[in-house]
Amino acid sequence: MKQKQVILSPLYTEKMAGLQDTLNKYAFKVAKNANKIEIKSAIEKKFEVEVKSVRTMNVPGKIRQQLTRAGRFHGRRPSWKKAIVTLKEGHKLDLFGNA
């Protein structure tokens, strides 16, 4: 799998902001078929940092429904995979630049 296809986007939430400051952990949305070794090498090559560990989880898509005059429509958001990457001491990621 190519490096560009492994990392889809960074995840920046209030919870992840706290983990970045205290535990040096960063979250990314990754390809569903990517494994921990591919994620680790893609992060190290793209951001030029050393990765200590990678934890992955499959996030199930939420069921959504919409009520209209015509009736009730059911749907589902797509499932996706999340990776939480812990960096070694002294390494930091600057995901959004020094603006």
Helix-only mean residue ellipticity at 222 nm for the chain, each DSSP H run of n ≥ 4 adding -39500 (n - 2.57), per residue, nearest 500 = -7500 deg cm²/dmol
Violations at 21 Å Cα threshold for listed pairs K46/K81; K29/K92; K32/K88 -> K32/K88
In degrees, nearest ten, helix 14-23 long axis to first principal axis of the chain (Cα) = 20
Accessible area in square angstrom per residue, the chain, 1.4 angstrom probe | 75
With all protein chains present, how much of the accessible area of segment 35-84 (probe radius 1.4 Å) comes from carbon and sulfur, to the nearest whole percent?
-> 49
Given unit charges at Cβ for Lys, Arg (+) and Asp, Glu (-), the dipole magnitude of the chain about its Cα centre in debye, nearest 20, is 760
Quick one: what Rg and Dmax do you get for the chain from the alpha carbons, in Å?
-> 16.7, 58
Going toward the positive end of the dipole of the chain, with +1 on Lys and Arg Cβ and -1 on Asp and Glu Cβ, which of V54, L19, Q65 do you reach last?
-> Q65
How far is helix 36-47 tilted off the main Cα axis of the chain, in degrees rounded to 10, range 0 to 90?
-> 70
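The values are calculated or read from the model by the stated rules, or taken from the named source; none is laboratory data. From a predicted model like this one, the values you see are computed outputs, not experimental measurements. We place every Cβ from the backbone using ideal geometry, glycine too, and count neighbours over all the protein chains shown. Please note that ligands, DNA and RNA were not included when accessible areas were found on the heavy atoms of the full protein model with its side chains. Shrake-Rupley method; radii C 1.70, N 1.55, O 1.52, S 1.80 Å.
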